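**Student:** For reference, the structure I am asking about is given below.
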Amino acid sequence: MRRVLLLLLPVASSLVGRSSSFSLLPNRQRPPTATTPGGAVVIPSSHPRRRRHPPLPLLPPPSRLVAVNDYYHSNNSVVTSRRVGRGAAVVAGSSSSDDTDGAEEGGEGSTTSTTTTTGGGTASVPNEIFNLVKSIVGAGVLSIPAGIAAFGDAPAAVYPAVLVIALIGGLSAYGFSLIGRVCSYTGARTYRDAWSRSVGDDSSWIPAVTVTLKTTFAVLSYSMILADTVRDLLAGATGCRGVSRTGALLGITTTALFPLCMVRNLSGLAPFSLVGVAGMFYTAFAMAARYLGGSYSVGLAATTAAGGKKKVAATVAAATTTGAVGRYVADVSANLRPTFGSVGASGALSPNVFILVCLLSTAYMAHFNAPKFYVELKNNTLRRYNAVVASSFGISVLLFASIGSLGFLTFGKACSGLILNNYSGGDALMGLSRLAVAVSIVFSFPLVFAGARDGWLDLLRVPVDDRTDAVLTTTTVAVLSGVTLLASRLRELAFIMSFAGATMGNALIYVYPALMFRGAVRGMGERAGKGLRREVPFAMFTALLGVAMGGIGAKMALGLL
């Protein structure tokens, strides 16, 4: 029996890296250990037992570890890895017997860094990419042509516009990535929780207010889009152009939006958002077909903005009789017909370009859902998470650039805040696009509205237990009535999109993620790697850039009224 115990003794001592509370060694022979906040056990290398029976063989093969930003992430486990000096080795504790461990031994004088990966997610990378694209691509993309028209009226304005779309898309992706990384470093699972753990709980109301206002503006923009889209659909289906915008909005609100907003379980509505994604890709295809086919082209004399709208309308009317213009131009209102001038790429140097920037801040907005995407990702290493972010925003950039360019190249300076308004009500190809967008918004509306309503109840400090059916009904009627009233009065969708992007959008995309990242790195203290500490100034630069873009953009957006 004694020989058996002697044989088992080395194995048992090597297991001390797995649990500091288990050892077959007598107390006087146990190596002194220290446990990190993440559960890792640090064993000084100077102890003889540590040198005789090192725990390093327990580490997983290198192929199962993914190094990202000076961190090691182990598959499907909660891992704490620390970079230490020569005097210590690290064995990371796992959440279950199936989890793997990660360790790294640094050189003398190296700093220590800590990260946490939250296991349990079931979504694959392709599923996450599809869902994130679905979250990013929404009605905001339909205002991008108007953002280009805000600073240029010649086809050459498309070139700097595409660069701006790509640049803002990259910065938005970086902010989205920062939020997921903060969740990884702190173990947060929601946007507000990430703020509380990195910046402080006392100020967590700041992002809560911002998200509530942003969702309220999103609901308002949805109502404005529905007012125009439903009116055009009814006019195209019945041939009656006497339907007013306000009447169409009141009709869709009372018959569809209000009943859907009163539904308590909204999970059954989520699949309808797929219609919106398919509709946006279809819209890009239809816009390309109409642009390349010349269905909305006009003669050169009719495209000069300097000639005035009356001269343009007269020229188009004369050219229509000779067949010199596209087949649908005569059906479009005079102020929405193609109008081009001489301001091309140079227009991007004017302050008006910030209108496009702020429109994009609304279009790319999905950042309050970043923690959800990180937590739900299967094997949520930062490398896999960043792959999801890069692919999703890359696809979105291509779609935004396509719709923005095609809309502007077709209508120029006349681009409406909702580009679908520029197309004829009798255009069947674009009519399908209107229908897809309308169906998508109708069924997405209650999902966004629920977030806005719950946000206002939170700000009013109404406890969840006190949110009875009567309270929810009253709140729904109050918020929906206010939104509908504003939507019936406001007609410039580009203003709503750009102003919301300049204020709340820039804060959620650029400012808050940078502040949370800085707070998370500061919270690590000496454990933060040099790469992270060097990245903080760049992150704060993006925050200052967001503040500057937001200030200029808000001023320019007010000029649209």
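**Student:** Modelling each spin label as a point 7 Å along the Cα-to-Cβ direction, I'd like the VAL125/THR254 distance in nm, to one decimal.
**Tutor:** For the pair VAL125/THR254, the computed spacing is 5.3 nm.
**Student:** Applying a 10 Å radius around every beta-carbon, put 363-374, 205-216, 167-178 in order of their mean neighbour count, most first.
**Tutor:** Working: 363-374: 24.4, 205-216: 19.7, 167-178: 22.2.
Put in order of decreasing packing, that is 363-374, 167-178, 205-216.
**Student:** Still on this structure: Quick one: if the Förster radius is 30 Å, what FRET efficiency do LEU163 and VAL547 give, using the C-beta to C-beta distance and rounding to 0.05?
**Tutor:** Efficiency for this residue pair is about 0.85.
**Student:** Using 0.36 nm times the number of residues separating LEU558 and ASN335, minus their current alpha carbon distance, what extension gain do you get? List each step's numbers first, then the result.
**Tutor:** On the way: separation 223, 0.36 × 223 = 80.28 nm, distance 2.09 nm.
Result: 78.2 nm gained on full extension.
**Student:** Roughly what would the spin-label model give for ALA470 and LYS378, points 7 Å off Cα along C-beta, in nm?
**Tutor:** Taking the two extended label points, one gets 4.8 nm.
**Student:** Given H placed 1.01 Å from N in the peptide plane, which residues other than close sequence neighbours of THR339 have an amide H under 5 Å from its amide H?
**Tutor:** Correct list: GLY412, LYS413, ALA414.
**Student:** Which of rounded, prolate, oblate describes region 429-533, given a ≥ b ≥ c as roots of the alpha-carbon gyration tensor eigenvalues and a/c under 1.5 marking rounded, otherwise prolate only if a/b is larger than b/c? Could the numbers behind the result be given before it?
**Tutor:** Working: a/c = 2.55, a/b = 1.49, b/c = 1.71.
Here region 429-533 falls in the oblate category.
**Student:** Just to confirm my numbers, what's the Cα centroid distance between region 368-427 and region 161-228 in Å?
**Tutor:** 16
**Student:** Would you tell me the accessible area of ASP202, worked out with a 1.4 angstrom probe on the heavy atoms of the protein chains, in Å² to the nearest 10?
**Tutor:** Rounded to the nearest 10, that gives 140 Å².
**Student:** Further question on the same structure: Which distance in nm do the two modelled labels at ASP202 and LEU398 give, with both placed 7 Å along the Cα-to-Cβ direction?
**Tutor:** 4.9
**Student:** What is the sum of charges around ARG467, taking Lys and Arg as +1, Asp and Glu as -1, for the other residues whose C-beta is under 15 Å from the C-beta of ARG467? Could the numbers behind the result be given before it?
**Tutor:** On the way: positive: ARG264, ARG453, ARG461; negative: ASP454, ASP458, ASP465, ASP466, ASP469.
Charge balance in the 15 Å sphere: -2.
**Student:** Where q = 0.13, 0.16 Å⁻¹, what log10 of I(q)/I(0) comes from the Debye formula for region 321-428, counting one point per Cα?
**Tutor:** Calculated log10 I(q)/I(0) at the listed q: -0.70, -0.88.
The values are calculated or read from the model by the stated rules, or taken from the named source; none is laboratory data. What you see is a predicted model; the values in this text were computed from it and never measured. Quick reminder, even Gly has a Cβ in these numbers, built from the backbone with ideal geometry, and neighbours come from all protein chains shown. Remember, those area values only see protein heavy atoms, side chains included, never the ligands or the DNA or RNA. Shrake-Rupley method; radii C 1.70, N 1.55, O 1.52, S 1.80 Å.
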